Amino acid sequence: MPIFFVKVVHKENLNIHGGCVVICNHISNWDPIVLGHSVKTQPVCYMAKEELFRNKVANWFLRRLHAIPVARGKSDLKAVKTGLSALKSGKILGIFPEGHRSETGSLLPFEPGAALMALRADVPVVPVYISGNYKLFHQIKLYTYPAIHLKDIVGDKTNSAAIEKATEHLKAVMLELQEQACQE
């Protein structure tokens with residue numbers, strides 16, 4: 001990125017081929033761009049709140065980022081089907097499981113969508129934690145974690161208990177990455 005210095009810790013974890021959910025904390029509107037720029041193997045499709053698509057300029061930009069509109073606060077079956085289709089066709093799906101940006105930088109509660117998508121599509125999840133200050137010429141660090149196969153954690157079921165357990169596991173991994181970032 002020309003205006004930020006981006007460093008990826010364990011960049012081998014982002015050498016993704018085939019369907020995969022990439023989860024990331026959400027601290028800025030820059031997050032999808034920085035994350036997408038850091039995954040070199042293929043474009044990252046994103047789940048984004050549908051309100052963002054109402055502005056013509058934002059809509060144009062989001063479509064170039066392969067964004068999928070999501071109606072927040074309710075079950076959006078169309079968005080889920082579109083995301084699952086992308087995953088099953090070998091695409092990378094980027095999800096910010098907190099659901100919105102954190103004002104404080106602290107991790108917010110996770111929504112179950114990332115775990116649901118990964119379990120239903122039977123694809124791995126790669127957690128990424130972004131740390132840094134989005135100021136001109138400052139460094140942004142992405143802390144990555146090896147791919148997690150959630151079925152190894154919860155088994156073959158995709159019921160609500162399995163999705164909840166998988167979501168808790170992903171949050172615990174993200175907290176580990178946050179701790180790593182705080183120690184450096």
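The values are calculated or read from the model by the stated rules, or taken from the named source; none is laboratory data. What you are looking at is a predicted structure, and each value in this text was computed from that prediction instead of being measured. Positions of Cβ are generated from backbone atoms using ideal geometry, with glycine treated the same way; all protein chains shown enter the neighbour counts. These accessible areas exclude ligands, DNA and RNA; they are computed on the full protein's heavy atoms, side chains included. Shrake-Rupley method; radii C 1.70, N 1.55, O 1.52, S 1.80 Å.
Mean residue ellipticity at 222 nm from the helices of the chain, using -39,500 (n - 2.57) per DSSP H segment of n ≥ 4 over the full residue count, to the nearest 500 deg cm²/dmol?
Value at 222 nm, helices only: -11000 deg cm²/dmol.
Using only alpha carbon pairs under 8 Å that are at least six residues apart, calculate the relative contact order of the chain and give it in whole percent.
30
Straight distance only, please: which aspartates and glutamates reach the Cα of residue 141 with their own Cα at less than 18 Å, same-chain residues fewer than 8 apart left out?
Candidates past the 8-residue exclusion: 12, 31, 176, 179, 184.
Once the piece of chain linking residue 56 and residue 85 is laid out straight, how much longer is it, given 0.36 nm per residue of separation minus the C-alpha distance between them?
Numbers: separation 29, 0.36 × 29 = 10.44 nm, distance 2.56 nm.
Between residue 56 and residue 85, full extension yields an extra 7.9 nm.
Taking only protein heavy atoms into account and a 1.4 Å probe, give the accessible area per residue of the chain in Å². Don't jump to the answer; show the numbers that get you there.
Details: 9820 Å² over 184 residues.
For the chain, the per-residue accessible area is 53 Å².
Amide H of residue 67 versus every other amide H placed in the peptide plane: which residues, excluding those fewer than 5 positions away on the same chain, fall under 5 Å?
Amide H neighbours of residue 67: 46.
Starting from the residue with the highest accessible area, list 30, 60 in decreasing order, probe 1.4 Å.
Details: 30 95, 60 140 Å².
From most exposed to least exposed: 60, 30.
Enter the Cα centre distance for the pair segment 63-101 and segment 166-180, rounded to the nearest angstrom.
Computed from Cα coordinates, the inter-centre distance equals 21 Å.
What list of ³J(HN,Hα) values in whole Hz, one per residue of segment 176-184 in order, does the Karplus curve 6.51 cos²θ - 1.76 cosθ + 1.60 (θ = phi - 60°) give from phi, with Gly and Pro shown as x?
My calculation for segment 176-184 gives 4, 5, 4, 4, 4, 5, 5, 7, 8 Hz in order.
Would you mind telling me the share, in percent, of accessible area of the chain contributed by carbon and sulfur at probe 1.4 angstrom?
On the way: 5260 of 9820 Å².
Percent of accessible area from carbon and sulfur atoms in the chain: 54.
For the chain, what percent of Cα pairs sit more than 30 Å apart?
12
Looking at this model, which pairs from 91/157; 11/91; 49/81; 11/40; 91/135; 40/157 are more than 21 angstrom apart at the alpha-carbon?
Beyond 21 Å between Cα atoms: 91/157; 91/135; 40/157.
Using a 1.4 angstrom probe on the protein heavy atoms only, could you order 120, 54 from most to least accessible area?
The ranking, largest first, comes out as 54, 120.
Check residue 140: other-chain or 5+ apart residues with amide H under 5 Å from its amide H, H built from backbone geometry?
Answer set, sorted by chain and number: 5, 6, 7.
Taking the Cβ of residue 28 as the center, what net charge do the other residues with Cβ under 13 Å away carry, scoring Lys and Arg +1 and Asp and Glu -1?
Neighbour charge sum, excluding residue 28 itself: -1.
Compare 152, 76, 31, 122 by solvent-accessible area with a 1.4 Å probe and give them largest first, with all protein chains kept in place.
Accessible-area ranking of 152, 76, 31, 122, largest first: 152, 122, 76, 31.
Per residue of segment 145-154, what does 6.51 cos²θ - 1.76 cosθ + 1.60 with θ = phi - 60° give for ³J(HN,Hα)? Whole Hz please, x for Gly and Pro, Karplus curve as stated.
Whole-Hz 3J(HN,Hα) from phi for segment 145-154: 10, x, 3, 10, 9, 5, 5, 5, 8, 10.
Report, for the chain, the % of DSSP beta bridges that are antiparallel, rounded to 5.
25
Using Cα centres only, tell me the gap between segment 1-58 and segment 108-149 in whole Å.
9
Among the aspartates and glutamates, which fall within straight-line cross-link reach of residue 78, defined as a Cα-Cα distance under 18 Å, with same-chain neighbours fewer than 8 residues apart omitted?
50, 51, 111
In whole Hz and in residue order, list the ³J(HN,Hα) couplings for segment 43-51 that follow from phi through the Karplus curve 6.51 cos²θ - 1.76 cosθ + 1.60, θ = phi - 60°; x for Gly and Pro.
Ordered by residue, 3J(HN,Hα) equals x, 9, 8, 10, 8, 9, 4, 4, 4 Hz.
Going by the alpha-carbon gyration tensor, a ≥ b ≥ c the square roots of its eigenvalues, is segment 19-124 rounded (a/c under 1.5) or, if a/c is not under 1.5, prolate (a/b greater than b/c) versus oblate?
The shape class here is rounded.
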